[in-house]
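Working notes, structure below.
The values are calculated or read from the model by the stated rules, or taken from the named source; none is laboratory data. Quick caveat, the model's predicted, so the values are computed rather than measured. Positions of Cβ are generated from backbone atoms using ideal geometry, with glycine treated the same way; all protein chains shown enter the neighbour counts. These area figures cover heavy atoms from the full protein model, side chains too; ligands, DNA and RNA do not enter into them. Shrake-Rupley method; radii C 1.70, N 1.55, O 1.52, S 1.80 Å.
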Amino acid sequence: MTRTQLPIRRSVSVGTARSYWMRDALSLETAQADPGTTLTASLRADVCIVGGGFTGMWTAIELKQRDPSLDIVLIEADLCGSGASGTNAGMLMNLWPKMPALLKAGGPTEGLDVARASVEAIDYIRRFCVENRIDVQWEPNGWLWASNNPSQDGVWDETLAASVDQAGSPFEEIDSVTATALAGTAVRGGILDSTCVGLNPARLARGLLRVVRSLGVMVFEHSPMTSIDSGGVTNVVHTQGGSVSADAVVLAINAWCSEFPEVRKHLVMTASDNAVVRPPSGWAESQRTNVSDGGRLLDYWRSLADGNFLFGKAGLGLGWGARGASSLFKPIPRPGRLLDHMVRTVPAMAGSHVVSTWRAPVEYSVSSLPFFGELGSHPGVYFGTGYSGDGVGPSVLGGQILASLALRSNDNLASSFLTRLPSGRGLPPEPIRFLGGQLVKTALIRQDRAHDRGRRVDPLTALLTRVDPTSFVG
C-alpha cells in the first residue's frame, strides 16, 4: 500500500486574505445556511472528491447527473470556493487564445474539438446559473487581448493565424482607436473575443455548493486532506479528524497538485496579485470590457457590476517545491507596487480608493493547457490541474473528464490528449528550478518596466527573458 503524507494547508480567516469575491459571496449567505460541517468520522463512499472549487463541484454534479445513486463525499481544506475559484479575476473565457498549443498537443481535430467545447462551456454555465437561480453578476462584455507598448504589438499573430480560418473562431482584430475605447486607457490595438463574460466567481462557487448539496453530496469544509493511502481494495483519504474510504478519489486541488512529484515537474507555481478599487466618478460608464495585455507577466483589468474596478498582474511570486502553492496564498507582500503599476497602466485610476487586495497561486502548465489523469503512484486516484489562470470555463470540461475517469468510462474528452501529461522532460528539480525561476522572473519584471517606459533592456536581461517554460515540452 502507498501512503503519501501531505502538509496541511492552513485555513485563511475572513477579513485577512479573503478575496473581494469571497467576502461578497459569504455576506449573502444567511445564518440558516449549512455551516459546512468538519469531517470527524470514518465514512465510505463510491467517490471521494478532494477540493471544493469549480473542478471538484462540477465533477460532483457530473457524477450525480450520470448516476444519482452514487455516494459522493467532498472535502475542502477551507471554505468551498476559497482557493483559485474565488480568487481569480472573474473572467469566464474559452481556450481559443491557446489555439497553437491545442493544435500542437491535440492536432487539428482534437485541438479544435476542445476549443469549441470550451465555448460551449460558457453557455452551459449561463444556463446552469439561470436554472438554479445563481446570481453571478453575469456581464457578457467580451475580452480584449491588447498591446500596451511596441514590444506587445502582434503577440496574438500566431493565435490569430491558427484560428482565423477555423469554423467557430471568436476573434476580431481591432485598431487602436476601437481598442482604446474598450480598454478605457490608451492601447495600441488588439483582438476581441465577444463570447467571453465577466462574473463574480465566488458567487458561482457558492451557488455550485448549494446545488451539490441538494443533489445529495456530503460536503465537509475545514477538512484538509493530510494523507492518502492507495494500493489496496479501496483508497483512503485522511483528514485531521476523520477519513473517507472510496473506490475512486478525485484530486480537484488545482495548484496543490504540486504536492505530487510526477505532476509537479510539469507545473510552474506562480502567483497573481489583485486589487479592487473604487474608481473616480465617471469611470464605470467608460469601460466594461475584460482586458489582458500582451506581456509575459500580463496585466489584466475590468470594471465590475457594482461600479468597482479590478486590476491584477500575473507572475509576481514564485513557489518552492511541494509547498509552493501554500506559500503564495496570502496577502500581497507589497500592495503599493501593484497600485502604482495600475495607475501607470490605467491613469484614470489615480486617486481611487482601495477596497481589497489579495495574492493567489496560479499553477502554470508547461504546455499552457490543463491536464488530467490517474496518479501512477496511486491507482484509482485521479487529478486535474494546469489551468494556467484560465480555469473558470474549462473547469466544466475538467469535471466531465474527471467524472469519466472516476467511473472508468473512456468516453468523449476522457480519451483526448487532455488526459496525457504534457510531453517532454519536465522542469528541473529544486533548487535549480526555484533559483532559475527567480532569475527569469526578475528579468521579466525589469523588461516589463523598461518596455512600459519605451526603453531597451540590457543584454543579460534580454537573454534571461528568452527562457520559456514551454521549451521543456517536447
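Shape class of segment 56-115 from the alpha-carbon gyration tensor: oblate, with a/c at 1.5 or above and b/c at least as large as a/b.
Over the chain, calculate the relative contact order: mean separation of alpha carbon pairs under 8 Å at least 6 apart, over the residue count, as a percent.
On the way: 1062 pairs, mean separation 101.0, N = 474.
Relative CO of the chain lands at 21 percent.
Values [x] 22.2; [y] 21.0; [z] 29.7 are given for comparison; mean projected area of the Cα convex hull in nm², derived from the coordinates here, is the one labelled [y].
The sum of -39500 (n - 2.57) across all DSSP H runs of n ≥ 4, divided by the residue count of the chain, sets its helix-only mean residue ellipticity at 222 nm to -9500 deg cm²/dmol.
Modelled spin labels at Tyr124 and Asn412, positioned 7 Å past Cα toward Cβ, are 0.5 nm from each other.
Pairs on different chains or at least eight residues apart, Cα atoms closer than 22 Å: how many lysine pairs in the chain fit? Kindly include the intermediate steps, with their values, before the conclusion.
Details: Lys98/Lys265; Lys98/Lys313; Lys98/Lys441; Lys104/Lys265; Lys265/Lys441; Lys313/Lys330; Lys313/Lys441; Lys330/Lys441.
Here the count comes out as 8.
Counted over the chain, the DSSP beta bridges are approximately 70% antiparallel. Using R0 = 45 Å, the C-beta based FRET efficiency linking Arg288 and Val233 works out to 0.25. The angle between the Cα long axis of helix 54-66 and the main principal axis of the chain comes to about 50°, on a 0 to 90 degree scale. With Cα atoms defining each centre, segment 309-382 and segment 237-292 are spaced 8 Å apart in the structure.
If DNA, RNA and ligands are ignored and the probe is 1.4 Å, what is the ranking of Arg359, Arg133 by accessible area, most exposed first?
Details: Arg359 25, Arg133 215 Å².
Correct descending sequence by accessible area is Arg133, Arg359.
Close amide-amide hydrogen proximity is noted between Gly315 and Ala271, Ser272, Asp273, each under 5 Å apart and 5 or more residues distant or on a separate chain (H modeled in the peptide plane; Pro and chain starts excluded). Rounded to the nearest 10 square angstrom, Met218 shows an accessible area of 90 square angstrom against a 1.4 Å probe. Give, as a single signed number, the net charge of other residues whose beta carbon lies under 13 Å from the beta carbon of Val263, with Lys and Arg counted +1 and Asp and Glu -1. It works out to a net charge of -1.
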